[in-house]
1. Within the chain, how many Lys pairs that are eight or more residues apart, or on different chains, come under 25 Å at the alpha-carbon?
2. If R0 is 41 Å, what FRET efficiency do you get for residue 3 and residue 25 from their C-beta distance, rounded to 0.05?
3. In degrees, nearest 10, range 0 to 90: what is the angle between the Cα axis of helix 26-46 and the longest Cα principal axis of the chain?
4. Just the accessible area per residue of the chain, please: how many Å² with a 1.4 Å probe?
5. Sort 98, 41 by heavy-atom solvent-accessible area, probe 1.4 angstrom, most to least.
6. Got a number for the accessible area of residue 1? Probe 1.4 Å, square angstrom, nearest 10.
7. Counting only helical runs of four or more DSSP H residues, what would the 222 nm mean residue ellipticity of the chain come to if each run contributes -39,500 (n - 2.57) and the total is spread over all its residues?
8. What angle do you read, to the nearest 10 degrees and between 0 and 90, between the alpha-carbon axis of helix 83-94 and the longest principal axis of the chain?
Amino acid sequence: TMKRQRGGRIINIGSISSFKPRKDQAVYSASKAALVSLSRSMALEERAYGIAAGCLLPGLVDVAPESAHPERGDKLDEPYIEPKAIADAALAIAQLPSSVNMLETTVMPSRQLLIGRG
């Protein structure tokens with residue numbers, strides 16, 4: 001469809017684990033790294049058709065209500081962001097002019113332990 005209409009935007013959702021893995025999550029991290037590579041390849045191969053492709057890399061997102069995490073007690077071990085922040089980031093990317101591509105974008109809690117989090 002995008003090729004036929006000579007334009008479009010693909011936003012893949014990856015993870016910061018693609019470049020900062022956590023212990024015991026090798027398969028997850030490898031799959032997210034592959035998605036980053038796929039996004040880059042798509043950006044290169046599809047740009048002739050006016051199609052932009054990129055990868056949104058969320059940090060720690062709380063995907064369930066606090067009550068769904070009894071093992072965590074009253075406080076989270078790490079800061080997290082709400083899923084709406086990822087939706088807002090994806091919308092911002094989607095609304096870019098067609099002449100602009102945002103190849104990779106990391107969205108994470110401002111206090112997340114990005115460096116040395118493994």
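The values are calculated or read from the model by the stated rules, or taken from the named source; none is laboratory data. As the structure is a computational prediction, the values presented were derived from the model and not from experiment. We place every Cβ from the backbone using ideal geometry, glycine too, and count neighbours over all the protein chains shown. Areas reflect the complete protein model, heavy atoms only, side chains present, ligands, DNA and RNA absent. Shrake-Rupley method; radii C 1.70, N 1.55, O 1.52, S 1.80 Å.
1. Close lysine pairs found across the chain: 7.
2. Efficiency, from the Cβ-Cβ distance: 0.70.
3. Roughly 20 degrees between the two axes.
4. 64
5. Listed by decreasing accessible area, they come as 98, 41.
6. Here the accessible area works out near 110 Å².
7. Taking each H run of at least 4 residues, the total per residue is -10000 deg cm²/dmol.
8. 20
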